[in-house]
Amino acid sequence: MFGRLARFVVHNPWKIIAAWIVAAVAVVAFAPTLSDVLNKEQSGFLPDTYESIQAQHLAQDKFAKTDDATATIVIKRADGQALSADDQAKIEGLAGTVNSAGIERVVTVTTGPQAVSENRQVQLVNVGLQGMADEKPVGEAVKQIREIGSTSLGGSDLRMSVTGDAALMVDNEEAFANAESIIGIVTVLLIIGLLLIIYRSPIAALLPIVSVAIVSSIAPGIIALVAKATGLQVDQSLQIILTVVLFGVGTDYILFLLFRFRERLRAGEDKTSALVHAVERVGEVIASAAGAIIVAFCALLLAVFGAFRSLGPALAIGVGIMALASLTLIPAIVSLIGTKVFWPSKSWQKEPNGTVFAKLGAFTGRRPGVVALISGGLLVVLALGMFGFKTDYDQLGQLPSTTESARGIKDLQSGFPAGALNPTLVYLHATDGHPLDPAEAERVAHELASSAGVGGAMPAGPGGGLALISKDGSTAQINLLLNYSPQSNEALDAIDPLRDAAHAAAPAGTEVLVGGPTAAFTDIRDANNRDLSVIFPVAGVLIALILALLLRSLVAPIYLMAAVVLVFFSTMGATAFLFTVVGDRPGISFSLPIMLYLFVVAIGTDYNILMIARLREEAREGRDPREAVRLGIEHGGPSVGAAGIILAGTFGSMLLSGIAFMTEMGFAVALGILLSSFVMSMFLVPAITALLGHKAWWPGHGDATAAQPRPDEEAEPARV
């Protein structure tokens, strides 16, 4: 199959290139964009079976709640002193200025003595906005409010910050846009620089950039088409992650091809036959490696949490298109360029002697037991960091602390309960067809306001009452203020006890639903825990099946997957130790474990496939396990090492994003890839294969030579 594909591509390069260009133009011209299917609200990814979503639907039905955004102007004195009467008058003046400025989408501006904290350090100005927080006119309104506030309070001792969902969205978009620009530039420069070092050729260095640019023009449109057709919405981090994945995986596959092309040229083949041979041999590796990644990503379809369920297929589509380009577009371009792809270097003409990889292969072949013990021991030590592992669901804490909305939240907490910005909403709803008793609703509100973890309740009803009754009299809304930051682990931990207390306090003939942002993230945490327990084993089993089919073996997939899982725990442990023990993070971002698992398992399997396929190839040439390991590392090690460095570097560029999740993901995936390439695939897997010998291929005969089939008796075990 791959032989026929190789010959067709190499002998028809212009047809292949033209087809890709036409596809790119058609997608750019007619397909929707990713922005059309993005969902920026995490709670929007939860199904209706969760209580917070049921509460949201009840609020929309009984209180005509809309998705209209809000902005909160938080004002305090720069010197930290209490607000004076003059200060409060200036704040009243600011509210009037904003209200009369004629800002599009601003519908209400309110403040007053009731908006001053008990310690008189903070005063709030609440701005009602028409439209959702992610709408552009709403964002422009926030920017105008900030400009007016800066002018009105300029020269005074008052410090103003605009926060709230609309302001957070503005700062969030700017942070992600900046991160995307930085990561894109750094990734391109890094790939070019590393490939120049590896090949000493500007053509080879630019080849991945050109090919990924073409794929990047096609993949987002295809993803958006699939999302629209299936109703999926994707998380806003997709564009950044997709860029890194395409550059990283694409460069890996191109490296696999060019290394094998150069090897066949050094063996004396002409450029055409060398390229056909390279595509034929590497084609199976690339297809299997891409298949492993696609299967792992598609396992996310089993997720309850919609952000995972849609992100997986989106990335799988990108990887699939990149793999197809690596097997068609890249060989077509190389067939036109020929050996000039390595220009001006002449290293493709002769095999270097005494390379580092040759020495590493020789040592591993001689002492596989020692190598397995050292490499496996290193991974186990790093995995011990899992004892300090904690997750973090605080999306507010993901933004750089220098943003105005983050500063506003910090200022607000100096005068109000930490949950004041996003109250926990409790709905008491009559289920027996009779109107609620307002006195009973007030009783429930006062009882819940004194619950553990609750700092109080915001007046909602007429006359300062705590319960706001709906027009039809069937439902009451109670706004509770938690003592903790709305999305902190402490706040999430307080929701289930609060729900128990609320359910117990409900009078006969009523039900209670607890909603709001904190409750939504508590449900997201439950969904995430469920998804981890399902997706991890399913992805692992599916990848193991791909390995079994590729290798015609049941033994090799077992230790290959065991090694990959060990790398995952090693990476997760080292990341948890660095960010939570050495650093000051309250925990690791909740979506990191599942993303890391998929990247490390899928991409780590890439390197395992490349190395184990090379070991099998050497064994089929009639070499014993030790010799096969020596040659496998000597010839396969450079491509695995180079691919690992480049892919780790591309993900490492995310360290510059300034967004907590991106920083954690950049470090974790970069480390995981380095461990996968230089510890697992380079040493641990070859060493175990050498120790097992012929048993590694049981029950098949993957190491049998074509001319002389392997006898059924077992090979002599390799000595340590």
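Quick note: the coordinates plus some simple rules give every number you see, no bench work behind them. Not measured: the values here are computed from a predicted model. Quick reminder, even Gly has a Cβ in these numbers, built from the backbone with ideal geometry, and neighbours come from all protein chains shown.
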Tell me the relative contact order for region 517-615 as a rounded percent, counting alpha carbon contacts under 8 Å between residues six or more apart. 31 percent
What number do you get for region 542-645 when its Cα radius of gyration is normalised by 2.2 N^0.38 Å, N = residues? 1.30
Simple SL model, points at 7 angstrom along Cα→Cβ for ASN529 and HIS11; separation in nm is 6.1 nm
If each DSSP helix of 4+ residues adds -39,500 (n - 2.57) and the sum is divided by the residues in the chain, what number results at 222 nm, nearest 500 deg cm²/dmol? -20500 deg cm²/dmol
For region 234-322, which chymotrypsin sites (Phe, Trp or Tyr not before Pro) are both in a DSSP coil and crowded by at most 11 other Cβ atoms within 10 Å? none
In debye, nearest 20: dipole of the chain around its Cα centre with unit charges on the Cβ of K, R (+) and D, E (-)? 3460 debye
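Order by neighbour count: ASP496, ASP87, fewest other Cβ atoms within 10 Å first, most last.
Values: ASP496 13, ASP87 21.
Placing the least packed residue first, the sequence is ASP496, ASP87.
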Electrostatic dipole magnitude of region 423-515 [Cβ: Lys, Arg +1; Asp, Glu -1; Cα centre; debye, to 20]: 220 debye
If one compares the long axis through the Cα atoms of helix 13-30 with the longest principal axis of the Cα atoms of the chain, the angle in degrees, nearest 10, works out at 10 degrees
Find how much the distance from GLU147 to PHE30 grows on full extension, using 0.36 nm per residue of separation minus their present alpha carbon separation; answer in nm with one decimal. 38.2 nm
Mind checking the angle between helix 489-505 and the chain's longest principal axis? C-alpha axes, 0 to 90 degrees, to the nearest 10. 50 degrees
Among 678-690, 142-154, how do they line up by average Cβ neighbours within 10 Å per residue, starting with the highest? 678-690, 142-154
The distance between the Cα centres of region 83-153 and region 326-343, in whole Å, is 60 Å
If you take the beta carbon distance between SER451 and VAL226 as r and set R0 to 35 Å, what does 1/(1 + (r/R0)^6) give as a FRET efficiency, to the nearest 0.05? 0.15
Taking Cα pairs under 8 Å and at least six residues apart, what relative contact order does region 606-692 come out at, in percent? 37 percent
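Out of every Cα-Cα pair in region 67-163, what percent are more than 19 Å apart?
36 percent
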Charge dipole (region 67-163, unit charges on Cβ, about Cα centre) - positive-most of MET160, GLY128, ILE73: MET160
Over the chain: Rg over Rh, Cα atoms, Kirkwood Rh: 1.06
In region 423-515, if every C-alpha pair distance is counted and binned at 5 Å from zero, what percent goes to each bin? 3, 16, 28, 25, 16, 9, 4, 1
Estimated distance in nm for a label pair at ASN483 and LYS695, the labels positioned 7 Å out from Cα along Cα-to-Cβ: 5.8 nm
Exposure proxy check: TYR50, TYR607 ranked by fewest other beta carbons within 10 Å? TYR50, TYR607
Which angle from 0 to 90°, rounded to the nearest 10, does the C-alpha axis of helix 306-327 make with the longest principal axis of the chain? 30 degrees
Going by average Cβ density within 10 Å per residue, which order do the peptides 309-320, 200-211 take, highest to lowest? 309-320, 200-211
For the chain the mean separation of alpha carbon contacts under 8 Å (6+ apart) over residue count, i.e. relative contact order in percent, is 18 percent
